[in-house]
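Read through the structure below, which is laid out as structure tokens, and then see the notes.
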Amino acid sequence: TDNVLEIENLTKVFKIREKGLKKSDFLAVDDVSFNVRRGTTTAVVGESGSGKSTVAKMVLNLLEPTSGTIRFDGEDMGRLSEKELFRFRRRVQPIFQDPYGSLDPMYSIFRTIEQPLKIHGIGDARSRQNKVKELLEHVSMPASTMHRFPNELSGGQRQRIAIARALALEPEVIICDEAVSALDVLVQAQVLELLNKLQAELGLSYLFITHDLAVVRQIADDVVVMKDGQLVESGKTDDIFATPQTEYTSNLLDAIPGGQLLV
Ligand code: ADP
């Protein structure tokens, strides 16, 4: 098999300072292992607080694992130099839940999408402008959007801009952390359709963090179910939906409106 990401025995312990001076350990991610196959989508699901975001942050290199290994394209991320990590950051891009939080309100859409190209010193002003136009086309937004500002756009449009920016550096993997959770169901379906289209066109791999199994159904090839920091089951989306192996997963499935119809 061709895995773009291999996560092995990943563990994160947070040091919590309690009242007074006492410190205690909190095991947020406990010995989690799974893969993301190239060109496919793996969803990590679970209740709030189950450790999903902590996994995403470690994969994005925003948090250091306490132990375990994250291999990207066969390379152990824990062993990379600063310079190699900078290159790695180009290849793995995030999209977060709240486009308000992740788009600078003072930046025009042009500047927003151009920024990663500038940071990485890619192209001249003219070629960057062409690239921004091309990226807007990719996410089905008119070129004129580049003159606008985040607060002039709808939630779904802002998320399209966040996707365009994530694509600017031509990544191989996109980590979506509750990327569609703030959107209403109809807009959510449109953004998921866009992500599916981009995956087919560009061969992208997605690691998709969500608490919402209705979203999983629309986008994921494989599912990893987490509870209290541990992996409770994983497998093909169809199998997990048809025959969940744990009561916890069954309960998550029952929480989907019209969930039984989706199976
Ligand atoms: P999820 O994404 O599934 O909602 P998180 O990964 O955000 O869960 O959090 C998992 C657990 O780790 C939660 O109990 C959370 O309170 C705790 N946690 C997350 N980040 C920190 C941190 N920086 N310090 C201490 N505890 C944290």
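The values are calculated or read from the model by the stated rules, or taken from the named source; none is laboratory data. Given the structure is predicted, the values throughout are model-derived calculations rather than measurements. Neighbour counts are summed over all protein chains in view; Cβ atoms, including those assigned to glycine, are modelled from backbone coordinates with ideal geometry. Protein only, heavy atoms only, side chains kept; ligands, DNA and RNA dropped before computing areas. Shrake-Rupley method; radii C 1.70, N 1.55, O 1.52, S 1.80 Å.
Annotations for the structure displayed:
- A Cβ distance below 9 Å, combined with a sequence gap of six or more or placement on separate chains, defines the contacts here; from the range 106-121, residues that are over 16 Å from Arg158 (Cα atoms) reach residues that are open to solvent by less than 40 Å² (accessible area, probe 1.4 Å) and among the charged types (D, E, K, R) in the pairs Leu117/Arg128; Leu117/Lys131; Lys118/Arg128.
- Only one of the listed residues (Gly39, Gly68) is within 16 Å of the ligand (Cβ to nearest atom) and in contact with a strand residue (DSSP E or B) (Cβ under 8 Å, 6 or more places away or on another chain). That residue is Gly68.
- Yes/no for Gly46 being away from the ligand (no atom under 16 Å from the Cβ), modelled with pLDDT of 90 or more and within 24 Å of Ser181 (Cα to Cα): no
- Inter-residue pairs, beta-carbon under 8 Å, first under 13 Å from Phe110 (Cα atoms) and in the range 143-159, second part of a loop (DSSP other than H, G, I, E, B) and among the polar types (S, T, N, Q), 6+ apart: Met146/Ser108; His147/Ser108; Arg148/Ser108; Phe149/Ser108
- When each of Asp25, Asp76 is tested for being of a type outside the set (Phe, Trp, Tyr) and away from the ligand (no atom under 15 Å from the Cβ), the lone residue that passes is Asp76.
- Pair list, Cβ < 8 Å and 6+ apart or interchain, from the range 8-35 residues that are at positive phi and of a type outside the set (Ser, Thr, Tyr) to residues that are open to solvent by 70 Å² or more (accessible area, probe 1.4 Å) and more than 15 Å from the ligand (Cβ to nearest atom): Asp31/Asn9
- Total residues in the range 64-78, condition part of a strand (DSSP E or B) and open to solvent by less than 50 Å² (accessible area, probe 1.4 Å): 5
- Top-ranked residue in the range 215-229 [being closer than 13 Å to Arg37 by Cβ and either open to solvent by 10 Å² or more (accessible area, probe 1.4 Å) or in a helix (DSSP H, G or I) (or both); ranked as nearest to the ligand (Cβ to nearest atom)]: Ala220
Per-residue answers, yes or no, for (1) under 14 Å from the mean Cα position of the chain (by Cα); (2) in a loop (DSSP other than H, G, I, E, B):
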{"position": "Val44", "(1), (2)": "yes, no"}
{"position": "Glu47", "(1), (2)": "no, yes"}
{"position": "Ser50", "(1), (2)": "no, yes"}
{"position": "Ser53", "(1), (2)": "yes, no"}
{"position": "Met58", "(1), (2)": "yes, no"}
{"position": "Leu62", "(1), (2)": "yes, yes"}
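- Residue within the range 90-101 that is among the β-branched types (Val, Ile, Thr), under 30 Å from Ala200 (Cα atoms), away from the ligand (no atom under 16 Å from the Cβ) and not in a strand (DSSP E or B) present: no
Residue-by-condition table, conditions (1) surrounded by fewer than 20 Cβ atoms within 10 Å (Cβ to Cβ); (2) assigned to a strand (DSSP E or B); (3) more than 19 Å from the chain's Cα centre (by Cα); (4) not polar (S, T, N, Q):
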{"residue": "Gln159", "(1), (2), (3), (4)": "no, no, no, no"}
{"residue": "Ala164", "(1), (2), (3), (4)": "no, no, no, yes"}
{"residue": "Ile175", "(1), (2), (3), (4)": "no, yes, no, yes"}
{"residue": "Leu183", "(1), (2), (3), (4)": "no, no, no, yes"}
{"residue": "Lys197", "(1), (2), (3), (4)": "yes, no, no, yes"}
{"residue": "Tyr206", "(1), (2), (3), (4)": "no, yes, no, yes"}
{"residue": "Ile209", "(1), (2), (3), (4)": "no, yes, no, yes"}
{"residue": "Leu231", "(1), (2), (3), (4)": "no, yes, no, yes"}
{"residue": "Asn251", "(1), (2), (3), (4)": "yes, no, yes, no"}
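- Applying the condition of being more than 20 Å from Glu134 (Cα to Cα) and open to solvent by less than 70 Å² (accessible area, probe 1.4 Å) to the range 95-120 and asking which residue is modelled with the highest pLDDT yields Asp104.
- If only residues of the range 1-22 that are away from the ligand (no atom under 11 Å from the Cβ) and β-branched (Val, Ile, Thr) are counted, the one that is most open to solvent (accessible area, probe 1.4 Å) is Thr1.
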